[in-house]
1. For region 205-225, check the following and say yes or no: at least one residue is closer than 18 Å to Thr96 by Cβ, out of contact with any Gly (no Cβ under 7 Å at 6 or more places or on another chain), β-branched (Val, Ile, Thr) and surrounded by 15 or more Cβ atoms within 10 Å (Cβ to Cβ).
2. For Cys234, indicate whether it is modelled with pLDDT under 85 and not small (Gly, Ala, Ser).
3. Out of Leu132, Leu122, which single residue is touching a strand residue (DSSP E or B) at 6+ places or on another chain (Cβ under 8 Å) and within 30 Å of Ile239 (Cβ to Cβ)?
4. Which numbered condition trips up Gly183, out of (1) touching a residue at least 60 places away in the same chain (Cβ under 8 Å); (2) in a loop (DSSP other than H, G, I, E, B); (3) farther than 25 Å from Cys234 by Cα?
5. Output the residues belonging to region 82-91 that are in contact (Cβ under 8 Å) with a residue 40 or more places away in the chain and open to solvent by 10 Å² or more (accessible area, probe 1.4 Å).
6. Can Arg143 be described as part of a loop (DSSP other than H, G, I, E, B) and modelled with pLDDT of 90 or more?
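The values are calculated or read from the model by the stated rules, or taken from the named source; none is laboratory data. Since the structure is predicted, the reported quantities are computational estimates derived from the model, not experimental observations. All Cβ positions, glycine included, derive from the backbone under ideal geometry; neighbour counts span all protein chains shown. These accessible areas exclude ligands, DNA and RNA; they are computed on the full protein's heavy atoms, side chains included. Shrake-Rupley method; radii C 1.70, N 1.55, O 1.52, S 1.80 Å.
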Amino acid sequence: MAGCGSWVFFLTVCAVTVCGANAEIKFTIPVGKLFTYELMRETFQNDFEPLSKLYAGRLYDDPMIFKCNRQNFPDLPEWLRFTQRHPYDNGFLYGTPQTPGRSIIEIYAINKRSYETARHILVIKVAAERILPYQAEFFIKLRDIEKVLPSTVQDEIKQDTQKLWKTQTLSIINITNALDRGGRVPLPLGGHFEGVYVKVGSEMSFSECLRKVLKPEHQEQCAAGAEVKIPGECNFCGIASNCITWCKTELFDLSKPVPPPPVPTMGSGILEDGGDFNPPESPPSRNYFPDYIVTVIVPLILAIILCSLLAYIMCCRREGVNQRNARTNQIQLFHHHTILGNTDELRNMAGNRGIPALPLSTLPMFNSRTGERASPLQSDSPSIPLIMAQHDPYSDTLPRK
């Protein structure tokens with residue numbers, strides 16, 4: 001029998017996995033009361049690995065992110081909000097419905113390790129109920145929204161407010177993140193928190209401690225920016241992180257009915273007779289000649305002056321430029337004539353040389369200006385050439401056999 005039970009459970013799990021059955025969770029909540037639902041990662045982890053934990057002995061702790069929306073809609077209902085700080089943290093759906101109705105919420109869990117997805121259906125039915133007539137809102141500075149939503153923390157806050165209110169019939173109406181109320185984003189350091197607003201309500205009237213908030217002295221101190229501490233007989237804060245900010249405490253008395261706005265009076269729909277319409281007289285005549293002078297004549301005069309100045313610069317100031325150009329051309333012609341003369345001289349010098357003879361410039365004691373050649377023996381120089389080829393450049397000085 002035990003073996004049959006194991007096989008039945010195995011087949012059931014396989015059928016759920018293959019057919020893709022989705023878990024459906026139903027809730028019935030009253031109007032005007034806080035609704036909180038925690039998305040447990042362990043629950044969705046079992047959906048991702050249903051058999052590995054039972055038979056293989058493996059237990060994964062995968063990071064997950066949750067996506068929530070109303071069925072057939074891209075977003076959640078206006079009264080419902082979702083928060084998840086980190087993929088390794090659980091998610092929370094929370095909010096306070098204001099009108100009765102029925103909402104179907106689709107919850108998708110995405111496994112960041114295997115990229116598998118799981119889908120759960122959350123059916124929320126909101127029933128009509130009387131609104132609590134006495135409500136109070138407190139600001140808790142040293143808390144974040146995801147740290148207040150667990151039921152254990154809500155019970156701690158509820159116990160402190162019950163002592164402050166001096167009644168046990170107390171309910172938490174709403175919890176709001178301070179960032180949703182215009183608060184500033186805290187520094188990502190230890191000891192800095194976003195802060196939360198907690199609203200509670202009861203059928204009992206406010207206690208004497210809560211009524212001190214309505215005194216003018218208290219309001220003047222808070223308006224002056226002074227740090228007002230909770231009176232000693234009203235301090236019931238058991239945990240330091242759950243202590244309230246006394247100056248941000250507000251009371252709401254809904255026991256007195258609010259008078260409805262006056263009904264607008266219906267008229268006949270026809271405007272009252274205001275007499276005949278008198279059109280305005282034609283405007284007086286105006287002289288546009290000054291405007292014409294400023295708009296047309298003045299720019300025309302400026303254009304003529306600029307054109308005259310440009311013509312003077314381009315035409316009348318060309319004499320100096322022409323003289324400089326003529327001087328430059330003369331210099332260039334002189335250089336060209338010099339180059340031509342030197343070229344003719346070199347050609348004449350090359351034509352006078354014999355074909356078998358060596359160039360005159362290679363001969364000893366050659367005068368490049370006159371072209372004459374003098375023997376070193378006839379010179380007045382005391383030096384005597386040591387090479388015999390200097391006497392007769394045409395003699396063969398190479399050794400012969």
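1. First pass over region 205-225, keeping only residues closer than 18 Å to Thr96 by Cβ: none.
No, because not a single residue in region 205-225 is closer than 18 Å to Thr96 by Cβ, out of contact with any Gly (no Cβ under 7 Å at 6 or more places or on another chain), β-branched (Val, Ile, Thr) and surrounded by 15 or more Cβ atoms within 10 Å (Cβ to Cβ).
2. Taking the combined requirement at face value, the residue satisfies it.
3. Numbers: Leu122 fails: within 30 Å of Ile239 (Cβ to Cβ).
Unique residue meeting the criteria: Leu132.
4. (1)
5. Within region 82-91, the first condition is being in contact (Cβ under 8 Å) with a residue 40 or more places away in the chain, and the residues that meet it are 83-85, 88-91.
Across region 82-91, the qualifying residues are Thr83, Gln84, Arg85, Tyr88, Asp89, Asn90.
6. Considered against the rule, which asks whether it is part of a loop (DSSP other than H, G, I, E, B) and modelled with pLDDT of 90 or more, Arg143 comes out as yes.
To keep it simple, each residue is scored yes or no on (1) in a loop (DSSP other than H, G, I, E, B); (2) of a type in the set (Ser, Thr, Tyr); (3) open to solvent by 50 Å² or more (accessible area, probe 1.4 Å); (4) in contact with a helix residue (DSSP H, G or I) (Cβ under 7 Å, 6 or more places away or on another chain).
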site	(1), (2), (3), (4)
Asp62	yes, no, no, yes
Ile65	no, no, no, no
Cys68	no, no, no, no
Pro74	yes, no, yes, no
Pro97	yes, no, no, no
Ile105	no, no, no, no
Ala109	no, no, no, yes
Tyr115	yes, yes, yes, no
Ala118	no, no, no, yes
